[in-house]
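Participant: For reference, the structure I am asking about is given below.
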Amino acid sequence: MPKYIAIAAITIDGKIAKGLNHMSDWTSKEDKLFMRALLSKCDVVIIGNNTYKTAIKPLSKRNCIVFSKSAGRPVRKSANLLYVNPKKINFKSLITKLGYKKIAILGGAQTYSWFLENNLIDELYLTIEPIIFGTGINLFAPPRLAPGETGNKKFGDFKFKLVEIKKLNKTGSVLLRYKK
Ligand SMILES: NC(=O)c1ccc[n+]([C@@H]2O[C@H](COP(=O)([O-])OP(=O)(O)OC[C@H]3O[C@@H](n4cnc5c(N)ncnc54)[C@H](OP(=O)(O)O)[C@@H]3O)[C@@H](O)[C@H]2O)c1
């Protein structure tokens with residue numbers, strides 16, 4: 001069975017970025033080292049189109065699947081770059097066909113949410129960086145509530161178990177590992 005691993009860095013107030021084009025230049029060097037080491041053990045990176053656009057160069061040597069609504073069916077742009085609209089295909093069958101066993105989910109919020117909703121996050125690595133943005137993009141992006149709706153029945157509660165806590169540096173970047 002393929003293993004799906006989501007990897008994210010968040011602020012103290014739970015944000016992954018200030019806005020759509022905000023690069024991950026605010027995360028600690030220890031987190032970047034951890035992420036690179038983990039990615040090198042994965043067969044493929046799955047990433048949303050907005051995040052991909054902020055990280056084309058660093059991802060160019062890795063196998064990448066980019067989520068985009070514009071991909072009616074899987075579109076191969078190069079040997080290691082595939083565009084996919086997960087709503088238009090059987091995503092799990094595609095992964096099996098491509099032979100990937102260890103899958104890194106790199107976000108952003110819309111992409112993390114699709115995997116969460118489809119029960120496809122086996123592990124979640126979360127680095128909490130000691131910084132607050134105040135506003136920005138939350139880790140997950142549930143569908144908006146309709147006027148008068150008090151709870152989102154389609155999204156939640158997704159339960160995880162904390163299996164590891166690691167302090168990464170003196171300023172207090174903390175790496176948490178959760179399992180489904
Ligand atoms: N701190 C962190 O760990 C971290 C991690 C990742 C990203 N980020 C930041 O997050 C920001 C981007 O977040 P975002 O919420 O915009 O998310 P995103 O998932 O990177 O991009 C959203 C876009 O990806 C495509 N997409 C995502 N889910 C899809 C689905 N289920 N079906 C079809 N297409 C799908 C769509 O592309 P089309 O518009 O082409 O249809 C959508 O507009 C960036 O600033 C990035 O730097 C931070």
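FYI, it's all coordinate maths here, none of it is from the lab. These numbers were taken from a predicted model, which means no experiment stands behind them. Please note: Cβ atoms are built from the backbone with ideal geometry, for glycine as well, and neighbour counts cover all protein chains shown.
Participant: Put a dot 7 Å past each Cα toward the Cβ at LYS161 and LYS97; how far apart are the dots in nm?
Facilitator: Going by the 7 Å Cα→Cβ label model, 3.5 nm.
Participant: Only bridges whose two residues both fall in the chain count here: according to DSSP, what percent of them are antiparallel, nearest 5?
Facilitator: Numbers: 17 of 38 bridges.
Antiparallel: roughly 45 percent of the beta bridges in the chain.
Participant: Right, another one. Rg/Rh for region 117-177: what does it come to with C-alpha atoms and Rh from Kirkwood?
Facilitator: Numbers: Rg = 15.3 Å, Rh = 14.5 Å.
Here the Rg-to-Rh quotient is 1.05.
Participant: Let me ask something additional. Within the chain, which DSSP H helices have Cα atoms that stretch 27 Å or more along the helix axis and a mean Kyte-Doolittle hydropathy of at least -0.5?
Facilitator: Values: long enough: none.
Span-like helices here: none at all.
Participant: A further question follows. For region 55-155, divide the Cα radius of gyration by the Kirkwood radius and give the resulting Rg/Rh value with two decimals. Could the numbers behind the result be given before it?
Facilitator: Working: Rg = 15.9 Å, Rh = 15.9 Å.
Here the Rg-to-Rh quotient is 1.00.
Participant: Quick check: residue separation of ARG73 and THR171 times 0.36 nm, minus the Cα distance between them. What number comes out in nm? Display every interim value, and only then the final one.
Facilitator: Values: separation 98, 0.36 × 98 = 35.28 nm, distance 4.53 nm.
Fully extending the segment from ARG73 to THR171 adds 30.8 nm.
Participant: By how many nm would the segment from ILE89 to ASN118 grow when fully extended, if each residue of separation counts as 0.36 nm and the alpha-carbon distance is taken off?
Facilitator: Numbers: separation 29, 0.36 × 29 = 10.44 nm, distance 1.34 nm.
In short, 9.1 nm is gained.
Participant: Hey, in the GNM for the chain with a 10 angstrom Cα cutoff, which one of ALA141, ALA109, ALA79 fluctuates hardest?
Facilitator: ALA79
Participant: Now for a separate question. How much length, in nm to one decimal, is gained on full extension between ASP13 and ILE56, taken as 0.36 nm per residue of separation minus their Cα-Cα distance?
Facilitator: Numbers: separation 43, 0.36 × 43 = 15.48 nm, distance 2.72 nm.
Extra length from ASP13 to ILE56 when fully extended: 12.8 nm.
Participant: Determine the equivalent ellipsoid of the chain by diagonalising the alpha-carbon gyration tensor, then write out the semi-axes as square roots of 5 times the eigenvalues, largest first, rounded to whole Å. Intermediate results must be reported in sequence, preceding the final value.
Facilitator: Details: eigenvalues 118, 90, 56 Å².
Calculated on Cα positions only, the semi-axes equal 24, 21, 17 Å.
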